[in-house]
Every structure is written in structure tokens, then in C-alpha cells.
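The structure appears right after this line, and notes come after that.
The values are calculated or read from the model by the stated rules, or taken from the named source; none is laboratory data. This is a predicted model, so every value here is computed, not measured. Cβ placement follows ideal geometry from the backbone for every residue including glycine, while neighbour counts extend to all protein chains displayed. These accessible areas exclude ligands, DNA and RNA; they are computed on the full protein's heavy atoms, side chains included. Shrake-Rupley method; radii C 1.70, N 1.55, O 1.52, S 1.80 Å.
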Amino acid sequence: MSGRPPERGRRSAALLGTTATTTAVPLPVGADAVSTAAGVTVRTVDRAQARGAPPPCPACGAVHPPPPAVAGPPPGADVWRIGLDGAGDSLEPVASLLDIRERERAARIRDRLSADRYVLTHGAVRTILGGYLRIAGCTVHWSAGRHGKPVFDGPLSHWQWSLSRSAEHALLAVCLSAPVGVDIERVDEQTPAVALAARFLPLDEAASVAAQETPHAARVAYHRLLSRKEACVKASGGRLLDGLRLNVLTPGTVHGTGALAGRRWQLRDLSAPPGFVATLAVLDDEVRGLRLFDWGRRAPGPEPGNFRPPAPSSAADQAPCSLPFEFQRSPAEPWPRGECSR
């Protein structure tokens, strides 16, 4: 780390004393049980993998969270919900996974909670990706495109993934068949949705926002449209500014316009916790299978949860382009609420 280190009060406490290496070390991947419903593969992750303290990492000697039990690469797209409401707990096992760039960035975040959430998000991403690649999470390395899209170099370049974080929630999408984009964002109750939609969105989308019965419904509709556009541009490695004119009034096939002319995406709305909206987009390809996972950290490692999609209420709900899903939580663990940390 160059220059004067940040003050302790400005950095996540979990960053103190962490290290990173570049040696790839194979890790085992466990099995899980499979069932299917409405075209979505539902997996119950083996909880036995989270029991007991994991051994030190052979690559760096730190104690990391164990990789989740995933049965092979995604057949279409895998989406992981990463809960960040436990960011105040001990983060040392997760922080030890971060590389020097991530630790420097976390150290620059002045707000302690936001810094901890950043550490937890990136530690979870490294744990999950390491599980797919069968390497230690601390050895996972990637580069960023012009607008920040993460990409693997060399023999891992066919692995596509996208990350989105808002307040105490994050989503990670992983795909092998095509570039993927995922977005989750909080519905801001102060958003002047009708005015912003009229200024920035296509006429039919602006009219749809203005036609909502309540101001809250208008804000939800506006943020839903933004989330769809954000997922598209993240899949293609572009900017939201270039995607504002995309017509995403309904999920399904979206064709690019303007700077994104010639592009095509497949959109799916994702069920999100109260006060949030979320979307998945795959570039130039249909999602031929969707697996849903819930990553929940419990020291010393993650304790995976169960998930399932809601039962479709009509034939229209079964259409692949609009199939929603829900990450299942225990009734004793209601969805937390918090302020957006973007």
C-alpha cells in the first residue's frame, strides 16, 4: 500500500492484518440435492459443509470461509443473494480473501458500515467464485473493462459474472453461455419518479410511470425500469447513460438502440426484499436454466440457506422471460431494512 495509511476510524476493522497471495490451490466442491419447478432448478445446499472451523488456507495460511457446495458449473445462469445485514460481526475470515486493491478501496470508505459491507460482499464473491473454479478464494483474480465490468483473463475468460450491491443486499450472477448482468437497487422514497421518467425515459415508459395510482407505485415502477436498463448495460459492459433509451417496459427480449444498437438481451425480473427491485439480463442468449442460491455468512464460515421460486399464478407467469423467483428465508429472519450505501 503506497502513501500514508488511512486512519483506523475510516477503515473496516476486519482489514487490519489481512494478507493476499497469488498461488492457485484446488479446493473440493460438495454435492447438493436438486428439484425443479416452472423451469427453475432449486437447490438445497448441504449444511454439513458449514459445520466446524475450516482449516487454514494452503495458499496464504489464513482461515477463510469454506466454499459453498455447488454441483458443477451453471447450466444457464446462477444467481446468489448475499445478505449483508451481519456486516457488524467479525469479518476477519472474509477480509483475508481480499487482494490489495480491494483492501485499499475499503480503507478509503469513510463510513464504517459501508466499508464492512464492501468487505463482506467481495469476500463472499471470492468464496463463491472460488467454489466454481475449485481454487482458493484469495487466489481469484480478475480485471475490469472500460466501464468496470469484471472479466477473467486467459483460460477462464468464458466464465461470465456480474455483481450488484445496494444497502444490506447484494446479488451475484454467474454464467458460462453468455455475458450476464444483474442489478438490485433500493426504491428511494424521495425520488421524483414522474419528473425523472419524463426527462430521461422513452415516452411509453414515462407514461407508464405517470399512470401509477400512487406516488409509491410510481417510484417502484421507475426504479424497476432503471434496474432493467442497468442489468442490460452491465451485461454488455456499457454505461447506464447509454442504456436510458432502451425500451424495457416489459421483460423478455430487448433490442439495443443508439450506442447499443445491434445488441440484444434477455431480461428477467427477480423478486427482491421489500423496498428493493432486481433484474437479471443475459446478452444475446436465453437463460436456459436458472439456479438460485442464498449465501448467508455465519462465523467461521457461510451457512447456506434454502430457496425456492414462488408457484406461478397463471400461464403467463410461466413464461421464461418473466419468471420471478424468491430467495426463501426462515420466518424467524424477516427481511432487514436499511439505507442505500451506493
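Tabulate in residue order the Karplus-calculated ³J(HN,Hα) for the range 130-147, using 6.51 cos²θ - 1.76 cosθ + 1.60 with θ = phi - 60°, rounded to whole Hz; enter x for Gly and Pro.
Running phi through 6.51 cos²θ - 1.76 cosθ + 1.60 with θ = phi - 60° gives x, x, 5, 7, 6, 9, 5, x, 6, 9, 6, 10, 8, 10, 10, x, 4, 10 Hz.
Rounding to the nearest 20 debye, state how big the charge dipole of the range 230-294 is about its Cα centre with +1 on each Lys and Arg Cβ and -1 on each Asp and Glu Cβ.
Charge dipole of the range 230-294: 120 debye, to the nearest 20.
Quote the convex hull volume per residue of the range 127-247, based on C-alpha atoms, as a whole number of Å³.
Hull volume over Cα atoms, normalised by residue count, gives 117 Å³.
If I ignore ligands, DNA and RNA and count only protein heavy atoms, how much of SER208 is accessible to a 1.4 Å probe, in Å² to the nearest 10?
40 Å²
Would you please classify the overall shape of the range 82-150 from the alpha carbon gyration tensor, given that a ≥ b ≥ c denote the square roots of the eigenvalues, rounded means a/c under 1.5, and beyond that prolate means a/b larger than b/c while oblate covers the rest?
Working: a/c = 1.83, a/b = 1.22, b/c = 1.49.
Oblate, because a/c is 1.5 or more while a/b does not exceed b/c.
Based on the alpha-carbon gyration tensor of the range 93-189, what equivalent-ellipsoid semi-axes (square roots of 5 times the eigenvalues) come out, in whole Å, largest first?
Sorted largest first and rounded, they come to 22, 18, 12 Å.
Using only alpha carbons, build the gyration tensor for the range 234-299 and give me the equivalent ellipsoid semi-axes, biggest first, whole Å.
26, 14, 12
Size of the range 194-260 along its principal axes in angstrom, Cα-based, largest extent first?
34, 19, 17
What ranking, highest mean first, results for peptides 258-265, 74-81 when packing means the other Cβ atoms within 10 Å averaged over each residue?
Put in order of decreasing packing, that is 74-81, 258-265.
Just the Kirkwood number for the range 148-217, please: inverse of mean 1/r across all distinct Cα pairs, in Å, one decimal.
Computed over the range 148-217, the radius equals 14.9 Å.
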